[in-house]
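Colleague: Structure provided below as structure tokens; questions to follow.
The values are calculated or read from the model by the stated rules, or taken from the named source; none is laboratory data. These figures come from a predicted structure and were not determined experimentally. So basically every Cβ, Gly included, is an ideal-geometry build from the backbone, and we count neighbours across all protein chains shown.
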Amino acid sequence: MQTNDMSDLTTFDGVGQAELVRSGQISPLGLVDAAIERIERVNPTINAVISERFERARAEARGALPDGPFRGVPFLVKDLGLMMADEPYYAGTRALKNIGYRADRDSALARRFREAGLVVLGRTNTPELGSVIATEPLSFGPTRNPWDTNRSTGGSSGGSAAAVAAGLVPMAHASDGGGSIRIPASACGLVGLKPSRGRISGSPGYDSWAGCTTDGIVSKTVRDSAAMLDFVSGYEMGDPFAAPPFTRPLSSEMRVATGQLRIGFLDHPIPTDLPRDPDCADAVDKAARMLAAVGHLVEPSYPGALEEHEAQMKHFSNIVAVSTASEIDKIAAILGREAGDDDIEPDALEFAQWGRSLTGLEYLESFEWLRLWSRRVVSWWDQYDLLLTPTLGAPPAEIGVLAGPGAGRRMVPWLQYTAQFNVTGQPAISLPLHWNTAGLPIGVQLVAAPFREDLLIRVASQLEAMFPWWNLRPPTRA
């Protein structure tokens, strides 16, 4: 799959780099030193990595790393959700950055990443509390898209996506509450797989955004996303949700014949009064033709319940607003005082105020409405195997458009196709199958029935073989 040019380690994905270590062609320290050199050289241009642990990483690479599937592979973690005990954690906020906050515990996922043999080099930039789809927090400034440094990386995993696209590391941790794995994957020309609800444990945390958030990675190749999910998925004691285990490893689903699938596609905005972006429509058309070329039945169809967009976003926003208020209260408890304008960005404070104004009954009404709506959406998969959509409603925005005061209202034209499947808990993947005439990546999304990541990997690997995107290199790259 890779070009196997040892003079350029960025031509290897994570699986490929692990194979180099396993075969003795390079040491873990060799991989780590090379990645650190790339970060030091390129990161000043893109601002993807916001805190470093280089000397700890070197010490770990010299030591007895766990013999996991990614032994010795350099890795970055997003500065949101995932914690590593006694290491910096800011969640994109000035409040935690200014006091140099360090986490008091390990996340279960951090433990699993270590057990996989990964060597963490640092943390990546994220919008404050993951609340918008552009990675431009006041705490650290904007992360810039390696395909065009005047453009956004998307969010909230934008720092991780920029780092992988620029070749700093082969893959990086990401998380997704309304599209935050898939959106930056689309903006940066990467693979972004959002797992099913309950597939990856959030332990020892809590049921974030009423079960709408999940973790994962952004990667260059489908096989990296499959192999990583194979290793880090699984129940932890006390988890509120648990996805059924895979019947066989996802990695074994690569290139497996699917037979003829019935695939519906959606290539216009929801709500329909928004303009139809021609680049995004072209991306869906290209993907539909590729899928038809390998024998699938592809036709215009989508769940009718998606047209209840206004009500769905209202109830989803209520859930997120309450959660934002709770997060800011936790930060205030750490500070020992109320969090104010110098700690938290204005839109987040306003959103939290909205959350505090909602009653318990109103919160429960939104929760129940979303669960009933999810049943209406998922019933469409009784007749179809996959849904094809754009990932974003428009190409990557210019820096500044989707950040700052009022960003939540401005991002509606972009955020049309992803958050729905956080609510339903279905697995979805963004694939980089199209670039527009300006040289910007335009991702397409495939959505499967609950717990059918296996089908996503089979079809994604078919498309990857037809269009090997991992050979494409952005202008800003290590």
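Colleague: Is at least one residue of region 330-349 small (Gly, Ala, Ser), surrounded by fewer than 21 Cβ atoms within 10 Å (Cβ to Cβ) and in a helix (DSSP H, G or I)?
Modeller: Going through region 330-349, the residues small (Gly, Ala, Ser) turn out to be 332-333, 336, 339-340, 348.
Still in the list and also surrounded by fewer than 21 Cβ atoms within 10 Å (Cβ to Cβ): 332-333, 336, 340.
Then keep just the ones that are in a helix (DSSP H, G or I); that gives 332-333.
Looking for residues that are small (Gly, Ala, Ser), surrounded by fewer than 21 Cβ atoms within 10 Å (Cβ to Cβ) and in a helix (DSSP H, G or I), one finds at least one in region 330-349, hence yes.
Colleague: Any residue at all in region 148-158 that's under 18 Å from GLY393 (Cα atoms) and surrounded by fewer than 24 Cβ atoms within 10 Å (Cβ to Cβ)?
Modeller: yes
Colleague: Further question on the same structure: Looking at THR476, THR424, which one is surrounded by 21 or more Cβ atoms within 10 Å (Cβ to Cβ) and touching a Phe, Trp or Tyr at 6+ places or on another chain (Cβ under 9 Å)?
Modeller: None of the other options fit; the residue is THR424.
Colleague: If you don't mind, there's one more thing I want to ask. Just to be sure before I move on: is GLY189 buried (at least 20 other Cβ atoms within 10 Å of the Cβ) and either within 30 Å of TRP414 (Cβ to Cβ) or of a type in the set (D, E, K, R) (or both) in the structure I sent?
Modeller: Numbers: buried (at least 20 other Cβ atoms within 10 Å of the Cβ): yes; either within 30 Å of TRP414 (Cβ to Cβ) or of a type in the set (D, E, K, R) (or both): yes.
Against the criterion (buried (at least 20 other Cβ atoms within 10 Å of the Cβ) and either within 30 Å of TRP414 (Cβ to Cβ) or of a type in the set (D, E, K, R) (or both)), GLY189 qualifies.
Colleague: Another question, then. Which residue pairs have Cβ atoms closer than 8 Å, lie 6 or more positions apart in sequence or on different chains, and pair a first residue in region 419-440 that is under 19 Å from ALA281 (Cα atoms) with a second residue that is among the basic types (Lys, Arg) and not in a loop (DSSP other than H, G, I, E, B)?
Modeller: Every condition considered, the pairs that remain are ALA428/ARG182; ALA428/LYS194; ILE429/ARG182; ILE429/LYS194; SER430/ARG182; LEU433/LYS286; HIS434/LYS286; LEU440/ARG151.
Colleague: Checking ASP215 against (1) more than 14 Å from the chain's Cα centre (by Cα); (2) closer than 29 Å to THR149 by Cα; (3) among the acidic types (Asp, Glu), which test does it fail?
Modeller: The one condition ASP215 does not meet is (1).
Colleague: Taking region 62-83 as the search range and keeping residues that are more than 23 Å from the chain's Cα centre (by Cα) and not small (Gly, Ala, Ser), which one is surrounded by the fewest Cβ atoms within 10 Å (Cβ to Cβ)?
Modeller: Only one residue fits best here, namely ASP67.
Colleague: Search region 343-364 for residues being among the acidic types (Asp, Glu) and touching a residue at least 40 places away in the same chain (Cβ under 8 Å), and hand back the single one that is nearest to PHE451 (Cα to Cα). Outline the logic, then answer.
Modeller: Here is the first cut: in region 343-364, the ones among the acidic types (Asp, Glu) are 343, 345, 347, 350, 362.
Checking which are touching a residue at least 40 places away in the same chain (Cβ under 8 Å) leaves us with 343, 345, 347, 362.
Working: ASP343: 39, GLU345: 36, ASP347: 35, GLU362: 30 Å.
If we take residues in region 343-364 being among the acidic types (Asp, Glu) and touching a residue at least 40 places away in the same chain (Cβ under 8 Å), then GLU362 is nearest to PHE451 (Cα to Cα).
Colleague: Could you tell me how many of the residues in region 443-462 are surrounded by fewer than 22 Cβ atoms within 10 Å (Cβ to Cβ) and either touching a strand residue (DSSP E or B) at 6+ places or on another chain (Cβ under 6 Å) or modelled with pLDDT under 95 (or both)?
Modeller: Here the count works out to 1.
Yes/no matrix, rows are residues, columns are (1) within 20 Å of VAL218 (Cα to Cα); (2) touching a helix residue (DSSP H, G or I) at 6+ places or on another chain (Cβ under 7 Å):
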residue: MET6; (1), (2): no, no
residue: THR11; (1), (2): yes, no
residue: VAL15; (1), (2): yes, yes
residue: GLU19; (1), (2): yes, no
residue: PRO44; (1), (2): no, no
residue: ALA48; (1), (2): yes, yes
residue: ARG58; (1), (2): no, yes
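Colleague: Moving to a separate point now. Looking at this structure, is PHE316 in contact (Cβ under 8 Å) with a residue 40 or more places away in the chain, of a type in the set (Phe, Trp, Tyr), part of a helix (DSSP H, G or I) and more than 25 Å from ARG376 (Cα to Cα)?
Modeller: On the way: in contact (Cβ under 8 Å) with a residue 40 or more places away in the chain: yes; of a type in the set (Phe, Trp, Tyr): yes; part of a helix (DSSP H, G or I): yes; more than 25 Å from ARG376 (Cα to Cα): no.
So PHE316 fails the test.
Colleague: Listed residues GLN25, GLN17; which is part of a helix (DSSP H, G or I), within 16 Å of ARG71 (Cβ to Cβ) and at pLDDT 95 or above? Steps first, answer last, please.
Modeller: Details: GLN25 fails: part of a helix (DSSP H, G or I).
Answer to the check: GLN17.
Colleague: Got a sec? Which of ASP176, ASP224 is modelled with pLDDT of 95 or more, buried (at least 21 other Cβ atoms within 10 Å of the Cβ), within 14 Å of GLY81 (Cβ to Cβ) and of a type in the set (D, E, K, R)?
Modeller: Unique residue meeting the criteria: ASP176.
Colleague: Working carefully through the options ASP86, ASP67, find the one that is of a type in the set (Asp, Glu) and more than 18 Å from ILE26 (Cβ to Cβ). Before the answer, list the steps.
Modeller: On the way: ASP67 fails: more than 18 Å from ILE26 (Cβ to Cβ).
Only one candidate qualifies: ASP86.
Colleague: Residues of region 326-381 being in contact with a Pro (Cβ under 9 Å, 6 or more places away or on another chain), within 20 Å of ALA419 (Cβ to Cβ) and not acidic (Asp, Glu), which ones?
Modeller: Matches in region 326-381: ARG376, VAL377, VAL378, SER379, TRP380, TRP381.
Colleague: Across region 351-370, what is the number of residues that are part of a helix (DSSP H, G or I) and surrounded by 15 or more Cβ atoms within 10 Å (Cβ to Cβ)?
Modeller: Step one: filter region 351-370 for residues part of a helix (DSSP H, G or I), giving 351-357, 360-370.
Then keep just the ones that are surrounded by 15 or more Cβ atoms within 10 Å (Cβ to Cβ); that gives 351-352, 354-355, 363, 366-367, 369-370.
The qualifying residues number 9.
Colleague: Report yes if some residue within region 34-46 is farther than 24 Å from ILE181 by Cα, among the basic types (Lys, Arg) and surrounded by fewer than 22 Cβ atoms within 10 Å (Cβ to Cβ); otherwise report no.
Modeller: Among the residues of region 34-46, at least one is farther than 24 Å from ILE181 by Cα, among the basic types (Lys, Arg) and surrounded by fewer than 22 Cβ atoms within 10 Å (Cβ to Cβ), which makes the answer yes.
Colleague: Taking into account only those residues within region 84-102 that are under 25 Å from the mean Cα position of the chain (by Cα) and of a type in the set (Gly, Ala, Ser), which is farthest from ALA18 (Cα to Cα)?
Modeller: ALA95
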